[in-house]
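Student: Take this structure first; my questions come after.
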Amino acid sequence: MDKKHYKVETWGCQMNVHESEKIAGIAQSLGYVPTDDEKEADLIILNTCCVREHAEAKVYGRLGRLKSLKRKNPDLIIGIGGCMTQQKDEAQHIAKRYPYVDFIFGTHNLHKLSEMIANAKGAGSTIVDIQEDGYGKIVEGLPVERDDRVKAWVSIMQGCNNFCTYCIVPYVRGRERSRSREEIIKEVRGLAVQGYKEVTLLGQNVNSYGKDLEKPVDFSALLRELNEVEGIERLRFTTSHPKDLSEDLIFAVKDCEKVCEHIHLPFQAGSTEILRRMNRKYTKEQYLALAGRIKKEIPGVSITTDIMVGFPGETEDDFEDTLDVVRKVRFDAAFTFLYSPRRGTPAAKMKDQVPYGIKHPRFLRLLDLTQKISAEENAKMKGKTVELLVEGVSKNDPARLTGRTRTNKLVHFTGDANLIGKLINVKVTEPRNWSLYGEIVRN
Ligand code: SAH
Ligand code: SF4
Ligand code: F3S
């Protein structure tokens, strides 16, 4: 009999990208093989995000289009999971409006996915299995089918306790729960044995890793231990919350030769009053001081960030503070977002929502500035020789390879495919806004 095929579609952050690798692992353990062709698929699973309205709208659009696919192939099994389904009453809403969905799961019960897939056929109605309690233990040992052979994601914690007033994540991901130090080290060692060269540690707020463990472990101590794992060449982590980024961490990044000089440090807004209303627990001055400290201690560090425009009550002066932080820190890259009210969050109920007509032009001004600065920072790289980990063939140009610098900049160059997975030196010949072009330096 022909093999059955599955397709996983992913929205959202790296955490979701990694969890889709677990969904793929589970599908494969049931005998399914991957396909990119939806017409060939016997099982389609959507792994969703709800951090902004736009993310959700895309998932609804996709759900709508799946109807005709199911009509053509009534045996197709459709499942939906991830952050979106974990919102209050959302699963019931999906089951009602999209009855051709076979099963709905949440962020806390991936370990039951295999059972759900097996039961989906012949159930006759949508199976809904959402665990509301966000305190559940992390389940270890799920199969993982990784997308890449050079770089790997390792989740070190789940959930978030920060409750920034705009953010849905704490509601859909539950409270902070750290994996044990031993499990993480075991996983990273296993990856080294399989030939992986780079590991990115994932958590909503990695700086508070280990605080909830029976025997608390500091994140910087974890980094120092992982730095010893033989075979792994590079370690990265994301995301850092400015309020929890310790001196110890700065020194761990500085001291550990495998930990890359790149810190993603979202600041969200420049105005201290807006930061207070966001419940971010730092001021503009504290953020600037922290960024300055990082730059001073870690030579050549790159700092990237997330910025939000149009949080309720944001005035022109508040927005100027945001631009001021961008000018002062000069981020290597910035992800900019328009504030999007999220159901059930305190900010969504704030009276002074900023109209689109005001926040959108601000967003464009911010984008202009961040892009100009990133381009200027990239231009400084011209003529420099940098170490690259070669990741694979360039997506836009099959004649080229791409790799990343330790500072996480993408570099395209011409070279032989047997360099994939290797560390090489490249001289930057042509910096562009989003990436760099270079040529191999022969030793
Ligand atoms: N845990 C990470 C961020 C996760 S969400 C952190 O705290 O840094 C990724 C980014 O999405 C956030 O940094 C924020 O800039 C943006 N974001 C979150 N909620 C949002 C909302 N309601 N509207 C617009 N952007 C939002
Ligand atoms: Fe959301 Fe704030 Fe937690 Fe980040 S730290 S996930 S922005 S609540
Ligand atoms: Fe989205 Fe969930 Fe990540 S809401 S940003 S996929 S934690």
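Read-outs: derived from the displayed coordinates by stated rules, not from any lab. As the structure is a prediction and not an experimental result, all values here were calculated from the model. Cβ placement follows ideal geometry from the backbone for every residue including glycine, while neighbour counts extend to all protein chains displayed.
Student: Assign one of three labels to segment 4-129, namely rounded, prolate or oblate, based on the Cα gyration tensor with a ≥ b ≥ c the square roots of its eigenvalues; rounded applies when a/c is under 1.5, prolate when it is not and a/b is larger than b/c, and oblate otherwise.
Tutor: Because its axes are fairly even, with a/c under 1.5, segment 4-129 counts as rounded.
Student: OK, next. Just grab the label-to-label distance for GLU376 and SER29, each label 7 Å out from Cα along the Cβ direction, in nm (one decimal).
Tutor: Between GLU376 and SER29, the label points sit 5.2 nm apart.
Student: Further, regarding this structure: Distances over 37 Å make up what percent of all Cα-Cα pairs in the chain?
Tutor: The proportion of pairs with Cα distances above 37 Å equals 29 percent.
Student: Loop only by DSSP, 11 or fewer other Cβ within 10 Å of the Cβ. Give me the chymotrypsin sites (Phe, Trp or Tyr not before Pro) in segment 98-187 that pass, ordered by residue number.
Tutor: Qualifying residues, ordered by number: TYR135.
Student: Enumerate cysteines in the chain without a disulfide-compatible partner, where compatibility requires another Cys Cβ under 4.7 angstrom.
Tutor: CYS13, CYS49, CYS50, CYS83, CYS160, CYS256, CYS260
Student: Follow-up. Please give the contour-minus-distance gain from ASP306 to LYS211: 0.36 nm per residue of separation, less the Cα-Cα distance, rounded to one decimal in nm.
Tutor: Computed gain between ASP306 and LYS211 is 31.7 nm.
Student: Considering only PHE331, SER68, ALA375, whose Cα is most displaced toward the positive end of the charge dipole of the chain, charges sitting on Cβ of Lys, Arg (+1) and Asp, Glu (-1)?
Tutor: With unit charges placed on the Cβ atoms, the residue in question is SER68.
Student: Rounded to the nearest 500 deg cm²/dmol, what is the calculated helix-only ellipticity per residue at 222 nm for the chain, with -39500 (n - 2.57) per DSSP H run of length n ≥ 4?
Tutor: Per the formula, -10500 deg cm²/dmol.
Student: Evaluate the distance, in nm, between pseudo-label points positioned 7 Å from the Cα of ASP255 and of GLU115 along their respective Cα→Cβ axes.
Tutor: 4.5 nm
Student: Okay, moving on. Roughly what would the spin-label model give for LYS384 and SER180, points 7 Å off Cα along C-beta, in nm?
Tutor: 4.2 nm
Student: Also, quick follow-up: Under a Cβ-only charge scheme (Lys and Arg +1, Asp and Glu -1), can you give me the dipole magnitude of the chain about the Cα centre, in debye to the nearest 20?
Tutor: Roughly 640 debye for the chain.
Student: Here's a follow-up. In segment 88-137, which trypsin sites (Lys or Arg not before Pro) fall in coil by DSSP and have 13 or fewer other Cβ atoms within 10 Å?
Tutor: Passing both the DSSP loop test and the Cβ count: LYS88, LYS121, LYS137.
Student: Return the loop-located trypsin sites (Lys or Arg not before Pro) in segment 7-81 (DSSP other than H, G, I, E, B) with at most 12 other Cβ atoms within 10 Å of their own Cβ; answer none if there are none.
Tutor: Sites meeting the loop and neighbour criteria: LYS39.
Student: So what is the relative contact order of the chain, in percent, for Cα pairs below 8 Å that sit 6 or more residues apart?
Tutor: Averaging sequence separation for qualifying contacts and normalising by length gives 10 percent for the chain.
Student: For segment 151-379, give me the percentage of DSSP beta bridges that are antiparallel, rounded to the nearest 5 percent.
Tutor: 10 percent
Student: Could you check what % of the DSSP bridge pairs in segment 385-440 are antiparallel, to the nearest 5?
Tutor: Looking only at bridges with both residues in segment 385-440, the antiparallel portion is about 90 percent.
Student: Suppose R0 equals 22 Å; then what is the FRET efficiency for LYS58 and GLN92 from their Cβ-Cβ distance, rounded to the nearest 0.05?
Tutor: Plugging the Cβ-Cβ distance into 1/(1 + (r/R0)^6) gives 0.55.
Student: Sort CYS83, CYS160 so the one with the fewest other Cβ atoms within 10 Å of its own Cβ comes first.
Tutor: Ascending number of Cβ neighbours within 10 Å: CYS160, CYS83.
Student: Taking the Cβ of SER180 as the centre, find all other residues whose Cβ is under 15 Å away and add up their charges (Lys, Arg: +1; Asp, Glu: -1).
Tutor: Net charge around SER180: -1.
Student: Counting other beta carbons within 10 Å of each Cβ, put VAL154, VAL33 in order, fewest first.
Tutor: VAL33, VAL154
Student: Provide the gained length on full extension for the span LEU423 to ARG365, in nm with one decimal, where the gain is 0.36 nm per separating residue minus the Cα-Cα distance.
Tutor: Computed gain between LEU423 and ARG365 is 17.1 nm.
Student: While we're on this one: Using alpha carbons only, how many angstrom separate the centre of segment 1-77 from the centre of segment 292-312?
Tutor: 35 Å
Student: Subtracting the Cα-Cα distance from 0.36 nm times the residue separation, let me have the gained length for LYS328 to LYS39 in nm, one decimal.
Tutor: Extra length available between LYS328 and LYS39 comes to 98.9 nm.
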